[in-house]
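Enquirer: I have a structure here, written as C-alpha coordinates, and I will follow up with some questions on it.
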Amino acid sequence: MSSPSNYIDQFFKVLIEAKGSDLHLGQGEPPKIRRNGDLMPIRDEPLTYEECAYMLHEIAGEVRWQRFLQKGDLDFAYEMDEESRFRCNLLRQINGFGAVFRLIPTKISTLDELNLPPVIKEFGDMRGGLVLVTGPTGSGKSTTLAALIDYINNKHSRHIITIEEPIEFVHRHKKSIIVQREVPDHTRDFATGLKAALREDADIVLVGEMRDLETISLALTAAETGLLVFGTLHTNNARKTVDRLVDVFPSDQQSQVRTMLSASLRGVIAQLLLKRQDNSGRVAVNEILVSNSAVSAIIREGATQKLQDVIVGGKAQGMQFMDDAIWAQMQRGIVSPHEAFMKAIDKNRFKKFLPAEELALAESAGVEAR
(Lines give C-alpha, C1' and ligand atoms only; values in the text may rest on other atoms or scores of the structure.)
Protein backbone atom coordinates (compact mmCIF):
# COMPACT_ATOMS: atom_id res chain seq x y z
CA MET A 1 0.00 0.00 0.00
CA SER A 2 1.25 3.47 -0.84
CA SER A 3 2.08 6.25 1.58
CA PRO A 4 -1.00 8.29 2.57
CA SER A 5 0.85 11.56 2.02
CA ASN A 6 1.55 11.58 -1.72
CA TYR A 7 1.19 14.99 -3.40
CA ILE A 8 -1.60 13.78 -5.73
CA ASP A 9 -3.81 12.70 -2.81
CA GLN A 10 -5.09 16.29 -2.40
CA PHE A 11 -6.66 16.07 -5.88
CA PHE A 12 -8.11 12.62 -5.16
CA LYS A 13 -9.74 13.94 -1.97
CA VAL A 14 -11.47 16.70 -3.97
CA LEU A 15 -12.71 14.06 -6.45
CA ILE A 16 -14.11 11.87 -3.66
CA GLU A 17 -15.77 14.77 -1.81
CA ALA A 18 -17.41 15.95 -5.06
CA LYS A 19 -18.65 12.36 -5.72
CA GLY A 20 -16.84 12.42 -9.06
CA SER A 21 -15.78 9.40 -11.13
CA ASP A 22 -12.52 10.51 -12.82
CA LEU A 23 -9.63 12.92 -12.32
CA HIS A 24 -8.04 14.37 -15.49
CA LEU A 25 -4.56 15.91 -15.34
CA GLY A 26 -2.89 17.55 -18.32
CA GLN A 27 0.25 19.66 -18.41
CA GLY A 28 -0.70 23.25 -19.26
CA GLU A 29 -4.35 22.74 -18.19
CA PRO A 30 -6.13 23.10 -14.83
CA PRO A 31 -6.91 19.74 -13.19
CA LYS A 32 -10.49 18.58 -13.89
CA ILE A 33 -12.90 16.01 -12.50
CA ARG A 34 -15.78 14.20 -14.17
CA ARG A 35 -19.02 14.33 -12.22
CA ASN A 36 -22.26 12.80 -13.55
CA GLY A 37 -20.66 12.59 -16.97
CA ASP A 38 -19.54 16.25 -17.17
CA LEU A 39 -15.98 17.61 -16.82
CA MET A 40 -15.33 20.55 -14.47
CA PRO A 41 -12.08 22.27 -13.39
CA ILE A 42 -11.17 22.09 -9.69
CA ARG A 43 -8.75 25.04 -9.71
CA ASP A 44 -7.83 27.90 -12.04
CA GLU A 45 -4.03 27.49 -12.34
CA PRO A 46 -2.77 25.10 -15.01
CA LEU A 47 -0.48 22.21 -14.09
CA THR A 48 3.21 22.85 -14.76
CA TYR A 49 5.73 20.33 -16.10
CA GLU A 50 7.40 20.14 -12.68
CA GLU A 51 4.14 19.56 -10.81
CA CYS A 52 2.98 16.87 -13.27
CA ALA A 53 6.32 15.06 -13.37
CA TYR A 54 6.67 15.13 -9.58
CA MET A 55 3.26 13.73 -8.69
CA LEU A 56 3.09 11.13 -11.47
CA HIS A 57 6.62 9.86 -10.78
CA GLU A 58 5.81 9.70 -7.06
CA ILE A 59 2.82 7.37 -7.39
CA ALA A 60 4.15 5.29 -10.30
CA GLY A 61 7.45 4.46 -8.61
CA GLU A 62 10.83 4.33 -10.34
CA VAL A 63 10.45 1.08 -12.35
CA ARG A 64 7.03 1.96 -13.77
CA TRP A 65 8.11 5.59 -14.38
CA GLN A 66 11.02 4.45 -16.55
CA ARG A 67 8.67 2.15 -18.46
CA PHE A 68 6.29 5.10 -18.99
CA LEU A 69 9.09 7.40 -20.22
CA GLN A 70 10.12 4.71 -22.68
CA LYS A 71 6.64 3.78 -23.99
CA GLY A 72 4.57 6.95 -23.51
CA ASP A 73 1.65 5.07 -21.86
CA LEU A 74 1.25 3.33 -18.52
CA ASP A 75 -1.62 1.55 -16.75
CA PHE A 76 -1.56 0.59 -13.08
CA ALA A 77 -3.67 0.78 -9.92
CA TYR A 78 -3.04 3.03 -6.91
CA GLU A 79 -4.46 2.67 -3.42
CA MET A 80 -4.60 5.93 -1.46
CA ASP A 81 -6.17 4.30 1.62
CA GLU A 82 -8.43 1.34 2.44
CA GLU A 83 -11.45 3.22 1.09
CA SER A 84 -9.96 4.67 -2.10
CA ARG A 85 -8.43 2.83 -5.04
CA PHE A 86 -7.78 4.25 -8.52
CA ARG A 87 -7.20 2.89 -12.01
CA CYS A 88 -4.40 5.06 -13.41
CA ASN A 89 -3.51 5.79 -17.01
CA LEU A 90 -0.43 7.97 -17.66
CA LEU A 91 0.15 9.32 -21.16
CA ARG A 92 2.30 11.67 -23.17
CA GLN A 93 0.38 14.33 -25.12
CA ILE A 94 1.09 17.40 -27.25
CA ASN A 95 1.62 19.66 -24.21
CA GLY A 96 3.67 17.16 -22.18
CA PHE A 97 2.43 14.76 -19.50
CA GLY A 98 -1.17 13.78 -18.91
CA ALA A 99 -3.07 11.28 -16.78
CA VAL A 100 -6.59 9.99 -16.15
CA PHE A 101 -7.59 8.35 -12.86
CA ARG A 102 -10.82 6.37 -12.38
CA LEU A 103 -12.09 5.97 -8.82
CA ILE A 104 -12.74 2.27 -8.17
CA PRO A 105 -15.24 1.48 -5.40
CA THR A 106 -13.57 -0.76 -2.83
CA LYS A 107 -16.90 -2.46 -2.06
CA ILE A 108 -18.01 -4.75 -4.86
CA SER A 109 -21.70 -4.17 -5.60
CA THR A 110 -23.96 -7.18 -6.11
CA LEU A 111 -25.77 -7.84 -9.40
CA ASP A 112 -29.02 -6.99 -7.57
CA GLU A 113 -27.65 -3.70 -6.22
CA LEU A 114 -26.64 -2.74 -9.77
CA ASN A 115 -30.22 -3.52 -10.96
CA LEU A 116 -28.84 -5.74 -13.70
CA PRO A 117 -31.18 -8.15 -15.52
CA PRO A 118 -31.58 -11.37 -13.44
CA VAL A 119 -30.57 -13.57 -16.42
CA ILE A 120 -26.95 -12.42 -15.91
CA LYS A 121 -26.72 -14.74 -12.88
CA GLU A 122 -27.27 -17.69 -15.23
CA PHE A 123 -23.97 -16.85 -16.97
CA GLY A 124 -22.24 -17.19 -13.60
CA ASP A 125 -23.75 -20.65 -13.07
CA MET A 126 -22.40 -22.03 -16.37
CA ARG A 127 -19.56 -24.57 -16.48
CA GLY A 128 -18.00 -23.57 -19.82
CA GLY A 129 -18.21 -21.33 -22.87
CA LEU A 130 -17.58 -17.67 -23.71
CA VAL A 131 -19.47 -14.75 -22.14
CA LEU A 132 -18.68 -11.23 -23.35
CA VAL A 133 -19.32 -8.00 -21.46
CA THR A 134 -19.14 -5.11 -23.90
CA GLY A 135 -19.57 -1.35 -24.08
CA PRO A 136 -17.62 1.86 -24.64
CA THR A 137 -14.93 3.04 -22.20
CA GLY A 138 -16.49 4.16 -18.92
CA SER A 139 -19.74 2.19 -19.35
CA GLY A 140 -19.30 0.13 -16.18
CA LYS A 141 -18.07 -3.16 -17.73
CA SER A 142 -15.54 -3.71 -14.92
CA THR A 143 -18.22 -3.10 -12.25
CA THR A 144 -20.59 -5.59 -13.89
CA LEU A 145 -17.85 -8.23 -14.25
CA ALA A 146 -16.72 -7.73 -10.64
CA ALA A 147 -20.32 -8.29 -9.48
CA LEU A 148 -20.57 -11.44 -11.62
CA ILE A 149 -17.27 -12.84 -10.26
CA ASP A 150 -18.43 -12.01 -6.71
CA TYR A 151 -21.72 -13.84 -7.36
CA ILE A 152 -19.73 -16.95 -8.42
CA ASN A 153 -17.38 -16.52 -5.43
CA ASN A 154 -20.37 -16.55 -3.03
CA LYS A 155 -22.17 -19.48 -4.67
CA HIS A 156 -19.67 -21.89 -6.26
CA SER A 157 -16.32 -23.52 -5.45
CA ARG A 158 -14.31 -22.61 -8.54
CA HIS A 159 -10.72 -21.74 -9.41
CA ILE A 160 -10.97 -18.29 -11.02
CA ILE A 161 -8.02 -16.59 -12.73
CA THR A 162 -8.33 -12.94 -13.78
CA ILE A 163 -5.92 -11.24 -16.20
CA GLU A 164 -6.31 -7.47 -15.91
CA GLU A 165 -4.57 -4.24 -16.92
CA PRO A 166 -4.60 -3.04 -14.19
CA ILE A 167 -6.31 -4.96 -11.36
CA GLU A 168 -9.28 -2.82 -10.37
CA PHE A 169 -11.60 -4.59 -7.93
CA VAL A 170 -9.74 -6.77 -5.41
CA HIS A 171 -11.60 -10.02 -4.64
CA ARG A 172 -11.28 -11.89 -1.33
CA HIS A 173 -11.48 -15.70 -1.23
CA LYS A 174 -14.99 -16.88 -0.28
CA LYS A 175 -16.17 -20.20 -1.74
CA SER A 176 -13.83 -19.89 -4.72
CA ILE A 177 -10.08 -19.43 -5.12
CA ILE A 178 -9.43 -16.19 -7.04
CA VAL A 179 -5.98 -15.51 -8.53
CA GLN A 180 -5.66 -11.98 -9.92
CA ARG A 181 -2.81 -11.25 -12.36
CA GLU A 182 -1.84 -7.83 -13.65
CA VAL A 183 -0.41 -7.05 -17.10
CA PRO A 184 2.57 -6.47 -17.42
CA ASP A 185 3.70 -6.87 -13.77
CA HIS A 186 2.57 -10.51 -13.29
CA THR A 187 2.29 -11.68 -16.89
CA ARG A 188 3.62 -10.11 -20.10
CA ASP A 189 0.28 -9.62 -21.87
CA PHE A 190 -3.28 -10.97 -22.01
CA ALA A 191 -2.42 -13.77 -24.44
CA THR A 192 0.50 -15.03 -22.29
CA GLY A 193 -1.65 -14.98 -19.14
CA LEU A 194 -4.48 -16.80 -20.91
CA LYS A 195 -2.13 -19.45 -22.31
CA ALA A 196 -0.75 -20.04 -18.79
CA ALA A 197 -4.29 -20.30 -17.34
CA LEU A 198 -4.91 -23.32 -19.59
CA ARG A 199 -2.19 -25.13 -17.59
CA GLU A 200 -3.25 -23.89 -14.15
CA ASP A 201 -6.34 -26.03 -13.50
CA ALA A 202 -8.66 -23.04 -13.90
CA ASP A 203 -12.45 -23.34 -14.06
CA ILE A 204 -13.03 -19.71 -15.00
CA VAL A 205 -10.79 -17.13 -16.69
CA LEU A 206 -11.57 -13.42 -16.90
CA VAL A 207 -9.69 -11.65 -19.72
CA GLY A 208 -9.66 -7.90 -19.05
CA GLU A 209 -9.51 -6.98 -22.72
CA MET A 210 -9.81 -9.05 -25.89
CA ARG A 211 -8.10 -6.68 -28.27
CA ASP A 212 -5.92 -8.80 -30.58
CA LEU A 213 -6.10 -11.93 -32.71
CA GLU A 214 -3.96 -14.11 -30.43
CA THR A 215 -5.98 -13.31 -27.28
CA ILE A 216 -9.33 -13.83 -29.04
CA SER A 217 -8.12 -17.09 -30.62
CA LEU A 218 -6.92 -18.41 -27.24
CA ALA A 219 -10.19 -17.35 -25.55
CA LEU A 220 -12.21 -19.28 -28.14
CA THR A 221 -9.98 -22.36 -27.71
CA ALA A 222 -10.23 -22.14 -23.89
CA ALA A 223 -14.04 -21.86 -24.09
CA GLU A 224 -14.15 -24.86 -26.47
CA THR A 225 -12.07 -26.97 -24.09
CA GLY A 226 -14.52 -26.46 -21.21
CA LEU A 227 -13.38 -23.32 -19.39
CA LEU A 228 -15.87 -20.54 -18.67
CA VAL A 229 -14.25 -17.45 -20.20
CA PHE A 230 -15.40 -13.91 -19.47
CA GLY A 231 -14.01 -11.22 -21.76
CA THR A 232 -14.60 -7.55 -22.61
CA LEU A 233 -14.79 -5.70 -25.90
CA HIS A 234 -15.41 -2.06 -26.79
CA THR A 235 -18.58 -2.69 -28.81
CA ASN A 236 -22.04 -1.40 -27.90
CA ASN A 237 -24.39 -4.19 -29.01
CA ALA A 238 -24.45 -7.96 -29.61
CA ARG A 239 -24.31 -7.83 -33.41
CA LYS A 240 -21.24 -5.58 -33.47
CA THR A 241 -19.60 -7.83 -30.87
CA VAL A 242 -19.92 -10.96 -33.02
CA ASP A 243 -18.76 -9.06 -36.13
CA ARG A 244 -15.73 -7.62 -34.29
CA LEU A 245 -14.60 -11.05 -33.04
CA VAL A 246 -14.81 -12.56 -36.53
CA ASP A 247 -13.34 -9.54 -38.37
CA VAL A 248 -10.12 -9.70 -36.32
CA PHE A 249 -9.19 -12.89 -38.20
CA PRO A 250 -7.87 -13.09 -41.81
CA SER A 251 -10.68 -13.74 -44.31
CA ASP A 252 -9.55 -17.33 -45.00
CA GLN A 253 -10.01 -18.21 -41.30
CA GLN A 254 -13.33 -16.45 -40.71
CA SER A 255 -15.58 -19.39 -41.63
CA GLN A 256 -13.77 -21.63 -39.10
CA VAL A 257 -13.93 -18.88 -36.44
CA ARG A 258 -17.69 -18.47 -36.98
CA THR A 259 -18.09 -22.23 -36.42
CA MET A 260 -16.00 -22.07 -33.21
CA LEU A 261 -17.88 -19.01 -31.96
CA SER A 262 -21.29 -20.53 -32.75
CA ALA A 263 -20.37 -23.52 -30.56
CA SER A 264 -18.71 -21.68 -27.65
CA LEU A 265 -20.56 -18.33 -27.27
CA ARG A 266 -22.96 -18.45 -24.32
CA GLY A 267 -24.01 -14.82 -24.23
CA VAL A 268 -23.29 -11.12 -24.68
CA ILE A 269 -24.01 -8.43 -22.08
CA ALA A 270 -23.71 -5.03 -23.80
CA GLN A 271 -23.83 -2.02 -21.50
CA LEU A 272 -24.27 1.74 -21.82
CA LEU A 273 -24.52 4.42 -19.12
CA LEU A 274 -27.18 7.10 -19.60
CA LYS A 275 -27.42 10.40 -17.73
CA ARG A 276 -30.38 10.54 -15.37
CA GLN A 277 -32.83 13.32 -16.15
CA ASP A 278 -32.70 14.62 -12.55
CA ASN A 279 -28.86 14.94 -12.72
CA SER A 280 -28.45 12.51 -9.80
CA GLY A 281 -25.97 10.32 -11.68
CA ARG A 282 -26.17 7.73 -14.41
CA VAL A 283 -28.15 4.57 -15.04
CA ALA A 284 -26.95 1.39 -16.79
CA VAL A 285 -28.94 -0.09 -19.68
CA ASN A 286 -28.17 -3.51 -21.12
CA GLU A 287 -28.63 -5.51 -24.26
CA ILE A 288 -28.63 -9.22 -23.46
CA LEU A 289 -28.04 -12.01 -25.97
CA VAL A 290 -28.45 -15.58 -24.69
CA SER A 291 -27.13 -18.14 -27.14
CA ASN A 292 -29.55 -20.76 -28.44
CA SER A 293 -29.81 -22.89 -31.60
CA ALA A 294 -31.08 -19.92 -33.65
CA VAL A 295 -28.19 -17.71 -32.48
CA SER A 296 -25.66 -20.48 -33.25
CA ALA A 297 -27.04 -20.91 -36.77
CA ILE A 298 -26.97 -17.14 -37.43
CA ILE A 299 -23.32 -16.89 -36.28
CA ARG A 300 -22.33 -19.93 -38.38
CA GLU A 301 -23.97 -18.42 -41.47
CA GLY A 302 -22.46 -14.96 -40.85
CA ALA A 303 -25.97 -13.43 -40.99
CA THR A 304 -25.55 -11.23 -37.88
CA GLN A 305 -28.17 -8.73 -39.10
CA LYS A 306 -30.74 -11.35 -38.00
CA LEU A 307 -29.58 -11.25 -34.35
CA GLN A 308 -31.77 -8.23 -33.54
CA ASP A 309 -34.96 -10.20 -34.37
CA VAL A 310 -33.81 -13.11 -32.19
CA ILE A 311 -33.05 -10.76 -29.26
CA VAL A 312 -36.38 -8.89 -29.60
CA GLY A 313 -38.23 -12.23 -29.79
CA GLY A 314 -36.24 -13.86 -26.95
CA LYS A 315 -37.71 -12.06 -23.93
CA ALA A 316 -38.85 -15.35 -22.39
CA GLN A 317 -35.18 -16.43 -22.25
CA GLY A 318 -34.16 -13.14 -20.63
CA MET A 319 -32.97 -11.49 -23.83
CA GLN A 320 -33.22 -7.72 -24.16
CA PHE A 321 -32.66 -5.37 -27.10
CA MET A 322 -30.67 -2.20 -26.31
CA ASP A 323 -33.23 0.24 -27.75
CA ASP A 324 -36.02 -1.47 -25.76
CA ALA A 325 -33.97 -1.02 -22.56
CA ILE A 326 -33.40 2.68 -23.40
CA TRP A 327 -37.10 3.08 -24.28
CA ALA A 328 -38.13 1.65 -20.88
CA GLN A 329 -35.89 4.15 -19.03
CA MET A 330 -37.34 7.04 -21.08
CA GLN A 331 -40.94 5.89 -20.49
CA ARG A 332 -40.28 5.82 -16.74
CA GLY A 333 -38.94 9.38 -16.90
CA ILE A 334 -35.47 8.32 -15.70
CA VAL A 335 -33.69 9.57 -18.84
CA SER A 336 -34.63 12.44 -21.14
CA PRO A 337 -35.79 11.91 -24.73
CA HIS A 338 -32.60 13.72 -25.84
CA GLU A 339 -30.35 11.30 -23.93
CA ALA A 340 -32.36 8.33 -25.25
CA PHE A 341 -32.07 9.64 -28.84
CA MET A 342 -28.31 10.18 -28.53
CA LYS A 343 -27.62 6.64 -27.23
CA ALA A 344 -30.15 4.67 -29.31
CA ILE A 345 -29.23 2.48 -32.28
CA ASP A 346 -32.42 3.30 -34.23
CA LYS A 347 -32.66 7.10 -33.91
CA ASN A 348 -35.97 7.24 -35.79
CA ARG A 349 -37.76 5.49 -32.94
CA PHE A 350 -36.90 8.34 -30.53
CA LYS A 351 -36.90 11.26 -32.96
CA LYS A 352 -40.56 12.18 -32.47
CA PHE A 353 -40.06 12.82 -28.75
CA LEU A 354 -37.50 15.59 -29.33
CA PRO A 355 -38.50 19.26 -29.67
CA ALA A 356 -37.70 20.50 -33.20
CA GLU A 357 -34.81 22.70 -32.07
CA GLU A 358 -33.17 19.84 -30.11
CA LEU A 359 -33.47 17.54 -33.12
CA ALA A 360 -31.92 20.16 -35.38
CA LEU A 361 -29.02 20.61 -32.92
CA ALA A 362 -28.42 16.86 -32.67
CA GLU A 363 -28.50 16.39 -36.43
CA SER A 364 -26.20 19.37 -37.02
CA ALA A 365 -23.73 17.72 -34.59
CA GLY A 366 -23.60 14.79 -36.99
CA VAL A 367 -26.00 12.45 -35.19
CA GLU A 368 -27.96 11.03 -38.09
CA ALA A 369 -30.93 8.72 -37.84
CA ARG A 370 -29.64 5.19 -38.50
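Enquirer: So in the stretch 1-75, what percent of DSSP beta bridges are antiparallel if you round to the nearest 5?
Expert: Counting DSSP beta bridges with both partners in the stretch 1-75, the antiparallel share is about 90 percent.
Enquirer: Could you work out the relative contact order of the stretch 1-155, using alpha carbon pairs under 8 angstrom and six or more residues apart, expressed as a whole percent?
Expert: Relative contact order, the stretch 1-155: 18 percent.
Enquirer: Right, something else. For the stretch 41-88, what % of the accessible area comes from carbon and sulfur atoms, probe 1.4 Å?
Expert: Values: 1230 of 2640 Å².
Within the stretch 41-88, the accessible surface is 47 percent carbon and sulfur.
Enquirer: In addition: For the stretch 101-199, what does the accessible surface come to per residue with a 1.4 Å probe? Please give it in Å².
Expert: 42 Å²
Enquirer: Compare GLU83, GLU224 by solvent-accessible area with a 1.4 Å probe and give them largest first, with all protein chains kept in place.
Expert: Largest accessible area first, the residues go GLU83, GLU224.
Enquirer: Next question. Residue by residue, what Karplus-based ³J(HN,Hα) values in Hz, rounded to whole numbers, does the stretch 61-72 have, using 6.51, -1.76 and 1.60 with θ = phi - 60° and x for Gly and Pro?
Expert: x, 4, 5, 5, 4, 5, 5, 5, 4, 6, 9, x
Enquirer: Something else about it: Can you give the helix-only mean residue ellipticity at 222 nm for the chain, where every DSSP H stretch with n ≥ 4 adds -39500 (n - 2.57) and the sum goes over all residues, rounded to the nearest 500 deg cm²/dmol?
Expert: -10500 deg cm²/dmol
Enquirer: Here's another thing I want to ask about it. Please label the shape of the stretch 170-327 as rounded, prolate or oblate, based on the square roots a ≥ b ≥ c of the eigenvalues of the alpha-carbon gyration tensor (a/c under 1.5 means rounded; beyond that, a/b larger than b/c means prolate, else oblate).
Expert: oblate
Enquirer: Between LYS155 and LEU69, what is 0.36 nm times their sequence separation minus the Cα-Cα distance? Round to one decimal in nm. Could the numbers behind the result be given before it?
Expert: Details: separation 86, 0.36 × 86 = 30.96 nm, distance 4.41 nm.
This chain segment gains 26.6 nm when fully extended.
Enquirer: While we're on this one: For VAL179, list long-range residues whose amide hydrogen, built 1.01 Å from N in the peptide plane, is under 5 Å from its own amide hydrogen.
Expert: Counting only residues 5 or more places away or on other chains, the set is ILE160, ILE161, THR162.
Enquirer: Students often get this wrong: which residues of the stretch 236-250 have the backbone nitrogen under 11 Å from the point 7 angstrom along Cα-to-C-beta of LYS306?
Expert: none
Enquirer: Quick one: putting +1 on the C-beta of Lys and Arg, -1 on the C-beta of Asp and Glu, what dipole do you get for the chain around its Cα centre, in Debye to the nearest 20?
Expert: Values: 45 positive and 50 negative charges, 211 e Å.
Its charge dipole is roughly 1020 debye.
Enquirer: So what are the ³J(HN,Hα) numbers for the stretch 177-187, from phi and the Karplus equation (6.51, -1.76, 1.60; θ = phi - 60°), rounded to whole Hz, Gly and Pro as x?
Expert: Here the 3J(HN,Hα) series is 9, 10, 10, 9, 10, 10, 8, x, 5, 9, 8 Hz.
Enquirer: State the label only: which of [x] 45.0; [y] 22.8; [z] 19.8 corresponds to mean projected area of the Cα convex hull in nm² computed from the shown model?
Expert: [z]
Enquirer: Here is a further query. Please tell me the relative contact order of the stretch 98-152 in percent, rounded to the nearest whole number, where contacts are Cα pairs under 8 Å and at least six residues apart.
Expert: After rounding, I find 50 percent.
Enquirer: At 10 °C and 1.306 mPa s, grab the translational diffusion coefficient of the stretch 80-210 from Stokes-Einstein with a Kirkwood Rh over Cα pairs, rounded to a whole number in µm² per second.
Expert: The estimated diffusion coefficient comes to 100 µm²/s.
Enquirer: I'd like the carbon and sulfur percentage of the solvent accessible area for the stretch 106-232, probe radius 1.4 Å, heavy atoms only, ligands and nucleic acids excluded. Each step should come with its number before you reach the end.
Expert: Numbers: 2480 of 5070 Å².
Carbon with sulfur: 49 percent of the solvent-accessible area.
Enquirer: Name the residues whose placed amide hydrogens come within less than 5 Å of the amide hydrogen of GLY302, ignoring near sequence neighbours (fewer than 5 apart) on the same chain.
Expert: Correct list: empty.
Enquirer: Going down the table (LYS121/LYS175; LYS121/LYS315; LYS13/LYS275; LYS107/LYS174), which pairs top 18 Å between alpha carbons?
Expert: Those over the limit are LYS13/LYS275.
Enquirer: Of all DSSP beta bridges in the chain, what percent run antiparallel (nearest 5)? Kindly include the intermediate steps, with their values, before the conclusion.
Expert: Working: 40 of 66 bridges.
Of those bridges, close to 60 percent are antiparallel.
Enquirer: What are the ³J(HN,Hα) values, in whole Hz, obtained from phi via the Karplus relation 6.51 cos²θ - 1.76 cosθ + 1.60 with θ = phi - 60°, for each residue of the stretch 41-50 in sequence order, with x given for Gly and Pro?
Expert: Karplus-based 3J(HN,Hα) across the stretch 41-50 equals x, 10, 7, 7, 6, x, 7, 8, 4, 4 Hz.
Enquirer: When the chain is fully extended, how far beyond the present Cα-Cα distance does ALA360 get from ASN6, taking 0.36 nm per residue of separation?
Expert: Gain on stretching ALA360 to ASN6: 122.6 nm.
Enquirer: Give the relative contact order (percent, whole number) for the chain; include only Cα pairs under 8 Å separated by 6+ residues. Before the final figure, lay out the partial values.
Expert: Working: 679 pairs, mean separation 45.1, N = 370.
Answer for the chain is 12 percent.
The values are calculated or read from the model by the stated rules, or taken from the named source; none is laboratory data. Computed from a prediction, not measured in an experiment: that's the story for all the values here. For neighbour counting, all protein chains shown are included, and Cβ atoms are generated from backbone atoms with ideal geometry for every residue, glycine included. Just the protein is used for accessible areas: all its heavy atoms, side chains included, with ligands, DNA and RNA removed. Shrake-Rupley method; radii C 1.70, N 1.55, O 1.52, S 1.80 Å.
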